[in-house]
Amino acid sequence: MKISIDLNSEIGPFFNIEKDKMIVQLHDTLISYMTKNELKKLLSKKFNIYDLNLIFSLKNPEFNVILTSDYHLPEKTRILKYLKFILSRKIYDRLRNKYTKRKIYYITRNSNIPLIGSIYFALIDRVTNLLQIRPITGCLLNCPFCSVDEGPRSKTRMIDYIIEPNYIFDETNRIVDFKDCDDIEIHIDGQSEPLTYPYLIDLISRYSEMSEIKVISIQTNGLLLNEKRIENLRRAGLNRINLSINSLDKRQAKFLAGKKDYEIDKVIDLIDIILENNLEILIAPIIIPGINDNQIEPIIRLMLEKDIDNKWPIFGFQKYIPYQFGRKMSVKNESFDTFNKKLRNLEEKYGVKLLLSPEDFNIQKVKAPENPIKKKSIIKAKIVLPGRIYINENKKEMLGVAKNRLIHIINTNSRINEVKKIKIFRNKHNINYGKVI
């Protein structure tokens, strides 16, 4: 007996083959797999087929799972129903971020994991009319100055997260309602390249329909941008793109991106496409003393030649700051006073705003939900997720939940579903950190 099932037509166009593995690609970011032997064992046990032979066959656009047996096979509809069941279980347990190759946790409303409390994902409310939305983690680049050690070559970031779009939208809506402000900015950023989020266009479109939201902006390194995508972002309701350009020098730009095939010319070409789509732009370089500080003026000149009529400042030069779990460059860091003095002198030279304040972006204090997690308090928290930082088995980070808030629990050997007594040592802006006591 022989039965052939084309999964690409019966379930969706997600399936491919890599050696003896069934590769599943969901959208453009999420990948998973199941081996032929695993599937064979599951089917044999389920349907009592002890001489089952299983073949994966790819003839685009078909991906066929072919079952043969000398004795019996169940009806095709029963096999397909079971395949859908086991794939839905196994595939989501093994999700990987295509760009970082790390395990990625898909956080849904049913997970009962709150979307406030973590610096890594979901919503960050710094008690202003600007809400940071972080729908995914993981970046394509390996910048040697990265403050969070992101990218495929990260030594400390062990996992990624992605948030169900309906969940993050509904939570945003709830916070916006609480703020009672009709001048909200949604800024999509994160420990990530936000354009890897597969539901981005839909999320922006839904935000644009909320009357309280007046500005939607995004931070990006530009690698995943092209003319069509920029047009789609504009149509969805995006207002501004904050584009990371750290050097105009090709060799230096590759070094600062940590990626040999990074082409700065392609990123520069995006500027005109962004402007042609009537989107605002902000160029956001990280300036490292002795490395790319000689690029400040060329970047200024590049943009001034375009005679941009922007509502907001077009430059957002940022001082390089080394962080504990970030990548550190061997440079003599300069003070903020020295950095700001440089920018002030260049403001006078070029007649353009370089020293920025919240008022330049109409950022103002607006009420936020009170944080029920109090500093120095001792509370019980349930461990729900691994954190991103892993040093060793006894010094890793886990995420816990208490009072409908997430808590970063550091230097612990706790396990999922354990309940631990936690002492909170930081809770600024609803981002919580604690230690097991």
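The values are calculated or read from the model by the stated rules, or taken from the named source; none is laboratory data. Please read all numbers here as calculations on a predicted model, not as lab measurements. Note that we place each Cβ from the backbone using ideal geometry, even for glycine, and neighbour counts take in every protein chain shown.
Reported count of residues in the stretch 375-384, each being surrounded by 19 or more Cβ atoms within 10 Å (Cβ to Cβ) and either touching a Phe, Trp or Tyr at 6+ places or on another chain (Cβ under 6 Å) or under 12 Å from ILE424 (Cβ atoms) (or both), is 2.
Within the stretch 34-54, the set of residues being surrounded by 13 or more Cβ atoms within 10 Å (Cβ to Cβ) and more than 33 Å from the chain's Cα centre (by Cα) comprises LYS40, LYS41, LEU42, LEU43, SER44, LYS46, PHE47, ILE49, LEU52, LEU54.
Residues are listed down the side, and each one gets a yes or a no for (1) modelled with pLDDT of 95 or more; (2) of a type in the set (A, V, I, L, M, F, W, C); (3) touching a helix residue (DSSP H, G or I) at 6+ places or on another chain (Cβ under 9 Å):
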site	(1), (2), (3)
ILE321	yes, yes, no
GLY326	yes, no, no
ASP360	yes, no, no
ILE373	yes, yes, yes
ILE379	yes, yes, no
ILE383	yes, yes, no
ILE391	no, yes, no
LYS395	no, no, no
ALA402	yes, yes, no
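Just checking, does the stretch 344-361 include any residue being of a type in the set (A, V, I, L, M, F, W, C), more than 24 Å from SER217 (Cβ to Cβ) and in contact with a Pro (Cβ under 7 Å, 6 or more places away or on another chain)? Looking through the stretch 344-361, none of the residues is of a type in the set (A, V, I, L, M, F, W, C), more than 24 Å from SER217 (Cβ to Cβ) and in contact with a Pro (Cβ under 7 Å, 6 or more places away or on another chain). Residues of the stretch 152-177 being within 17 Å of PRO322 (Cα to Cα) and in contact (Cβ under 8 Å) with a residue 12 or more places away in the chain, which ones? Result: SER154, THR156, ARG157. Would you mind stating whether LYS19 is among the basic types (Lys, Arg), free of Cβ contacts under 8 Å to residues at least 60 places away in the same chain and either out of contact with any Gly (no Cβ under 7 Å at 6 or more places or on another chain) or crowded, with 16+ Cβ neighbours inside 10 Å (or both)? Yes; evaluated as a whole, the condition is true for this residue.
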